[in-house]
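**Student:** The structure follows.
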Amino acid sequence: MPGRATPADRATPMPHFTIIGAGPVGTLMGLMLARRAQRVRLIERRPDPRTAPPERGRSINLALAARGMVALEQAGLSDRIAPQMIAMPGRMLHDEHAALQFLPYGQNEEEVIHAIGREPLNRILIEAVAAHPHIELSFNTRCVDLDPQAGTLQLRDEPSGSTRSESFEILLAADGAGSAVRAALVARALSRAEERPLAHDYKELLIPAIERGTPPSYAFEPHALHIWPRGGFMLIALPNTDRSFTATLFLPREGDPGFDRLSRGEAVRAFFRQQFADAAAVIPDLEQQFALHPQSQLGTVYCQGWQAQGRVLLLGDAAHAIVPFHGQGLNCGFEDCRVLDRLLAGHGDSAGALAEFERQRRPNTDAIAAMALENYLEMRADVRSAQFAQRQRLAAELERDFPGRFIRRYSMVMFHPEIPYAEAQRRGAQQEQLLDTLVERFGYDLSQPGARAYAERLLGAAGL
Ligand SMILES: Cc1cc2nc3c(=O)[nH]c(=O)nc-3n(C[C@H](O)[C@H](O)[C@H](O)COP(=O)(O)OP(=O)(O)OC[C@H]3O[C@@H](n4cnc5c(N)ncnc54)[C@H](O)[C@@H]3O)c2cc1C
C-alpha cells in the first residue's frame, strides 16, 4: 500500500527524474520532461555558466544539423537559437596554394548546416531550464558514485569537498564522454564499456575578425565550413557571430607531421606557412595561441548496458561519444532526448522505456560512430581528388532525378532526421555500389544514352 505523504514530503517531494550533467543533452532532456509536467532535478559539477567565465579547452563552436534542430524545436527553443546560428551551405576547400573550391552540401537552401557557439547554446538551454518551475538546478555538485539497486547517489559539493548521499527515483546520466555514472555501472558489472582513442589529437585556434574597415569583416567566406585537407591531417574552421572563426587542427599525436614535432613557435609558424598559408596569414598570434591552447584527445565510447535496474540510464556522450568528423555527436544526443521523451510518454512503466531506448538507439549510435570515423578520411583526404567532386556531382544528380530513392549518405545523416542512422549507413553502402557500377559503364555522365534507365534499374534491383 503506498505510504502516506508526510508534511515534509508534501513540501519537497522527490523529483521523479534526476539528471546528472547540465550540458546540452541533460538540459534539453530536462526541458522535454518538464514540458510534460514531470518534476526534474538537474545536477551539474561546474559553476553556473551564466555567471562563470566559459571553460577553456572545450570545442568552441559546433555544427547543428536537422536532427539537433528538430529536437530544439520540440522543446520550443528554435526562436532563441536562430539568431546565434550561421548557415553553412557547403564546404570550402583550401588547397596548398590557397585556391578555393566550394562544394555544396545539399540540394536546396534548406539543406544547410549551421555553426553555433557552444557557449550561447548552453546559456540559452540553462536559461530555459532555470526559468522552468518544474526543474530544480544545482551547480558545483559532482556525482561521484551511485548504487542503482538502492537508488542512491553520492554527491560532492565542489567548493567545500563535502560529500552526501541522496535518493533518486529515475536517474538519467548525461554527464558526457567521461561519465562518472557509466564508470559506476561498469564497476558494478552492470555495463560494459570500451573507450577507443584516436591516434590524432586536436587543438583549437582563433582566426580573428579583420579589423580594417567598419564593421570588421570575416577573414574568409562566413557561409561555409572551411577545410584545409592535407591527406593525413587537416585544419577546419567554422564561423562565429562576432566575425571570427574557430579553427581546429586535427593532427597525429606523434610523427611527421605530428603534434610532438610542433613544440617550438618557429616550427609551428613554418608548418602553418607550408600547409595552410592563407590561414597562417590571418592568425597573427599563432605561436602564442598554439602554446596556450590545450591539445585534446578524441575517441569513441562503445558501451553496452545503458540502463540498470530499470531506473538508471545513460544518454548522449555518456552512452556513445563519437569522433567529431560528421558533426553529429550533439545532434545525436539531442535526438536521444526526442526518442527517450517519446518512449517515456508512451510507456506506462519507465523501466520498459529505458530498456527499449537502448534497444532502439544502439544500432543507430553504432552506425553514426562508424560513419563519423569514415568521414575523417573523407574530409582530410578523399575531398582532394577530382574524382570525389565528380562523384559528388553525379550523386547529387541522381538525388534530383530519383527523389526519395537516392539520397546521398551525408544528406541522410545531416538533413533527414526521419531516416535512422543505421538505415542511412545501409542505404549509403548500397548507393556506393550502385555508383561504382554506373561509373564503370557510363563514367560520370548521366546524360549518356541509356544511363538514367540503367540507374533506375540498379535502384530497383537494390530495393531503393
Ligand atoms: C572538437 C569537437 C568538435 C565537435 N563538433 C561537433 C559538431 O560540430 N556537431 C555536433 O553535433 N557535435 C560535435 N561535437 C560533439 C559534442 O560536443 C558532444 O556530442 C556533446 O557536447 C555531448 O553533449 P552531452 O551533454 O552528452 O555531454 P557534454 O557536453 O560533455 O556535457 C556533460 C555535462 O555533464 C557535466 N558533468 C560531467 N561529469 C559530471 C559529474 N560527475 N557530475 C555532475 N555533472 C557532470 C559536465 O560538466 C557537462 O556540463 C564535437 C566534439 C568535439 C570534441
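The values are calculated or read from the model by the stated rules, or taken from the named source; none is laboratory data. Keep in mind the model is a prediction, meaning the values are calculated, not measured. Note that each Cβ is placed from the backbone with ideal geometry, even for glycine, and that neighbours are counted across all protein chains shown. Surface accessibility is based on the protein's heavy atoms, side chains included, excluding ligands, DNA and RNA. Shrake-Rupley method; radii C 1.70, N 1.55, O 1.52, S 1.80 Å.
Okay, residues lined up against (1) closer than 25 Å to Met379 by Cβ; (2) at pLDDT 95 or above:
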residue: Phe17; (1), (2): no, yes
residue: Arg41; (1), (2): no, yes
residue: Arg46; (1), (2): no, yes
residue: Ala52; (1), (2): no, no
residue: Asn61; (1), (2): yes, no
residue: His94; (1), (2): yes, yes
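**Student:** While we're looking at this one, here's another question. Just to be sure I understand the filter: pairs with C-beta atoms under 7 Å, separated by 6 or more residues or on different chains, first member in segment 168-182 and closer than 8 Å to Val312 by Cβ, second member acidic (Asp, Glu) and crowded, with 24+ Cβ neighbours inside 10 Å. Which pairs pass?
**Tutor:** Val181/Asp175
**Student:** Additional query: Does Pro417 qualify as being buried (at least 19 other Cβ atoms within 10 Å of the Cβ) and either out of contact with any strand residue (DSSP E or B) (no Cβ under 8 Å at 6 or more places or on another chain) or under 25 Å from Gln309 (Cβ atoms) (or both)? Working first, answer last.
**Tutor:** On the way: buried (at least 19 other Cβ atoms within 10 Å of the Cβ): yes; either out of contact with any strand residue (DSSP E or B) (no Cβ under 8 Å at 6 or more places or on another chain) or under 25 Å from Gln309 (Cβ atoms) (or both): yes.
Against the criterion (buried (at least 19 other Cβ atoms within 10 Å of the Cβ) and either out of contact with any strand residue (DSSP E or B) (no Cβ under 8 Å at 6 or more places or on another chain) or under 25 Å from Gln309 (Cβ atoms) (or both)), Pro417 qualifies.
**Student:** Give the residues of segment 92-126 that are under 17 Å from the mean Cα position of the chain (by Cα) and aliphatic (A, V, I, L, M), sorted by residue number.
**Tutor:** Once the filter is applied, which keeps residues that are under 17 Å from the mean Cα position of the chain (by Cα) and aliphatic (A, V, I, L, M), segment 92-126 yields Val112, Ile113, Ala115, Ile116, Leu121, Leu125.
**Student:** Restricting to segment 174-208, count the residues that are within 19 Å of the chain's Cα centre (by Cα) and of a type in the set (A, V, I, L, M, F, W, C).
**Tutor:** 3
**Student:** Just checking, does segment 386-394 include any residue being part of a helix (DSSP H, G or I), open to solvent by less than 20 Å² (accessible area, probe 1.4 Å) and touching a Phe, Trp or Tyr at 6+ places or on another chain (Cβ under 8 Å)? Even if it seems obvious, please write down each step before you answer.
**Tutor:** Here is the first cut: in segment 386-394, the residues part of a helix (DSSP H, G or I) are 386-394.
Those still in the list that are open to solvent by less than 20 Å² (accessible area, probe 1.4 Å) too: 389, 394.
Narrowing further to those that are touching a Phe, Trp or Tyr at 6+ places or on another chain (Cβ under 8 Å): 394.
Checked segment 386-394: at least one residue is part of a helix (DSSP H, G or I), open to solvent by less than 20 Å² (accessible area, probe 1.4 Å) and touching a Phe, Trp or Tyr at 6+ places or on another chain (Cβ under 8 Å).
**Student:** Residues that are closer than 18 Å to Ser191 by Cβ and among the acidic types (Asp, Glu): does segment 347-361 have at least one?
**Tutor:** Yes - at least one qualifying residue is present in segment 347-361.
**Student:** Among (1) of a type in the set (S, T, N, Q); (2) surrounded by fewer than 22 Cβ atoms within 10 Å (Cβ to Cβ); (3) over 28 Å from His416 (Cβ atoms), which single condition is Thr18 missing?
**Tutor:** Going through the list (1) of a type in the set (S, T, N, Q); (2) surrounded by fewer than 22 Cβ atoms within 10 Å (Cβ to Cβ); (3) over 28 Å from His416 (Cβ atoms), Thr18 breaks only (2).
**Student:** Here is a list of conditions, (1) out of contact with any His (no Cβ under 6 Å at 6 or more places or on another chain); (2) modelled with pLDDT of 95 or more, and Ala11 meets all of them except one; can you say which number that is?
**Tutor:** Against the list (1) out of contact with any His (no Cβ under 6 Å at 6 or more places or on another chain); (2) modelled with pLDDT of 95 or more, Ala11 comes up short only on (2).
**Student:** Continuing with the same structure: When you look at Ala367, is it away from the ligand (no atom under 16 Å from the Cβ), of a type in the set (A, V, I, L, M) and not in a loop (DSSP other than H, G, I, E, B), yes or no? Steps first, answer last, please.
**Tutor:** On the way: away from the ligand (no atom under 16 Å from the Cβ): no; of a type in the set (A, V, I, L, M): yes; not in a loop (DSSP other than H, G, I, E, B): yes.
Answer is no for this residue.
**Student:** Can you go through Gln297, Gln309 and tell me which one is within 27 Å of Thr27 (Cβ to Cβ), under 26 Å from the mean Cα position of the chain (by Cα), open to solvent by 10 Å² or more (accessible area, probe 1.4 Å) and of a type outside the set (Phe, Trp, Tyr)? Give the derivation first.
**Tutor:** On the way: Gln309 fails: under 26 Å from the mean Cα position of the chain (by Cα).
Residue meeting the stated conditions: Gln297.
**Student:** How many residues does segment 321-347 contain that are more than 10 Å from the chain's Cα centre (by Cα) and open to solvent by 10 Å² or more (accessible area, probe 1.4 Å)? Spell out the reasoning first.
**Tutor:** Going residue by residue through segment 321-347, those that are more than 10 Å from the chain's Cα centre (by Cα) are 335-347.
Next cut, open to solvent by 10 Å² or more (accessible area, probe 1.4 Å) only: 335, 338-339, 341-347.
Residues that pass the stated criteria total 10.
**Student:** Kindly state which strands (runs of 3 or more DSSP E) lie completely within segment 47-164 and contain at least 2 residues that are over 22 Å from His226 (Cβ atoms) and either away from the ligand (no atom under 16 Å from the Cβ) or without any contact (Cβ under 8 Å) to a residue 40 or more places away in the chain (or both). Please lay out each step first, then the result.
**Tutor:** Working: elements: 61-64, 86-88, 90-94, 100-104, 113-117, 135-138, 141-147, 152-157.
Result: 141-147, 152-157.
**Student:** Any idea which residue in segment 186-210 is farthest from the ligand (Cβ to nearest atom), counting only those that are over 27 Å from Pro89 (Cα atoms) and basic (Lys, Arg)?
**Tutor:** Arg192
**Student:** Can you pull out the residues in segment 165-185 that are open to solvent by less than 40 Å² (accessible area, probe 1.4 Å), part of a strand (DSSP E or B) and more than 9 Å from the ligand (Cβ to nearest atom)?
**Tutor:** Ile170, Leu171, Leu172
**Student:** So is Met29 of a type in the set (A, V, I, L, M, F, W, C), crowded, with 19+ Cβ neighbours inside 10 Å and more than 30 Å from Ile170 (Cα to Cα) or not? Reasoning before the result, please.
**Tutor:** Numbers: of a type in the set (A, V, I, L, M, F, W, C): yes; crowded, with 19+ Cβ neighbours inside 10 Å: yes; more than 30 Å from Ile170 (Cα to Cα): no.
Judged against the criteria, Met29 is not a match.
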